[in-house]
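Everything below concerns the one structure shown next.
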Amino acid sequence: MEASKRIPNAGPAIRAKPRAARLGRKAGQVLKVAVLTALTVIFLWPMAVTLTNAFMSEAEITRNYAAISGTDATSQAEGAEEPDYVSLHWIPERATLSQLYAVLIGRPQFLFMFWNSLKMTVPIIAGQIVVASLAAYAFAHLRFRFREPLFFAYIVTMLMPFQVTLVPNFIVADKLGLLDTYGAIIFPGIFSAFGVFLLRQFMMFVPGSYIEAARVDGASHLYIFAKIIWPMSGAGIAALAILVFIDNWNMVEQPLIFLKDAVKQPLSVYLSVIGEEERGIAFAASAIYMLPLLLVALYAEKYLVEGIQLSGLKG
């Protein structure tokens, strides 16, 4: 009988498959860790070099980087051949605060432009949080005509680069008399499609039963937004604030185009005009410029990750 036939022992083959699968998973994890480690080193290396070079003396920096620019005695010697590689010392031989002192004390315009960056960045963050959260609530929980086409239009504008809207923004700012004022940068920065998109995705996860219960009790949309949606969207709002800060702290094109007065320029523009002969000043200024970004990355990372994950944008 067919039923009485003995099935060959397949135990070793069956046990081998899970073992091979485990080895494959471990190899994949090792490869993933290796790739992520390599990418981390690549991204962090420039920042590490900038921070360590900020504590070098001007003489050490000049001696260290003269071979790259060809200004050292060996490179300028007649008939000298270009070296195949240049060895850079990124750890100071003797740490000093002279370059940082020269930037903070010897150059008052540095602190003034640092303040200019804050005057542009903080209003954009505050305004975008208010505008984006209200618009996101409307797209997420209100029912009105053409809601989906309007949101699709937001997505389309989010895909447009800054250069596409540059000319229209310039014309509008000129007609409103905002050229050479911070308003020409702040007002366009407040109305961002990305902020609406991010918070809308986050607010979609707020249970509709909470809103329906509040509506039954006679609560208005403003009350629902202030007492229910806003407190439950704290992680998304924090993530938006962090992303807006990083984006606008590093802006260069907008100030160069909309601000004619050099006194009003932010710190990001000031860094680009430091001369090549002032390498120590450039490293020290860049290190101070990165300090707010590093603080945000260290102390607000969990809010950013939590906000992105809860909004449904994680990969």
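So in the stretch 133-183, with the set limited to residues that are among the basic types (Lys, Arg) and either on the phi > 0 side of the Ramachandran plot or not in a helix (DSSP H, G or I) (or both), which one is farthest from the chain's Cα centre (by Cα)? Walk me through it before giving the result.
From the stretch 133-183, those among the basic types (Lys, Arg) are 143, 145, 147, 175; that's our starting set.
When the remaining residues are screened for being either on the phi > 0 side of the Ramachandran plot or not in a helix (DSSP H, G or I) (or both), the result is 143, 145.
On the way: 143: 33, 145: 35 Å.
Of everything passing the filter in the stretch 133-183, 145 is farthest from the chain's Cα centre (by Cα).
List pairs: first in the stretch 87-104 and acidic (Asp, Glu), second modelled with pLDDT under 85, Cβ under 8 Å, 6+ apart or cross-chain? From the stretch 87-104, the pairs are 93/60. Remark: pairs (first residue in the stretch 165-181, within 21 Å of residue 263 (Cβ to Cβ); second residue among the small types (Gly, Ala, Ser) and not in a loop (DSSP other than H, G, I, E, B); Cβ separation under 6 Å; 6+ apart in sequence or on different chains) = 173/184; 178/184; 179/173.
Within the group 142, 134, 111, which residue is free of Cβ contacts under 8 Å to residues at least 24 places away in the same chain and surrounded by fewer than 18 Cβ atoms within 10 Å (Cβ to Cβ)?
111
Taking the conditions exactly as written (in a helix (DSSP H, G or I), under 22 Å from the mean Cα position of the chain (by Cα) and closer than 19 Å to residue 130 by Cα), does residue 231 satisfy them or not? When the stated conditions are applied, residue 231 does not pass them. Applying the condition of being surrounded by fewer than 16 Cβ atoms within 10 Å (Cβ to Cβ) and charged (D, E, K, R) to the stretch 156-212 and asking which residue is modelled with the lowest pLDDT yields 212.
Restricting the stretch 273-315 to residues that are hydroxyl-bearing (Ser, Thr, Tyr) and either under 30 Å from residue 199 (Cβ atoms) or loosely packed, with under 12 Cβ neighbours inside 10 Å (or both) leaves a set whose member that is modelled with the highest pLDDT is 289. Residue count for the stretch 47-70 satisfying the condition of being assigned to a helix (DSSP H, G or I) and modelled with pLDDT under 85: 12.
The values are calculated or read from the model by the stated rules, or taken from the named source; none is laboratory data. Since we're looking at a predicted model, the values are computed, not measured. With ideal geometry, Cβ positions are generated from the backbone for all residues, glycine too; neighbour counts draw on all protein chains shown.
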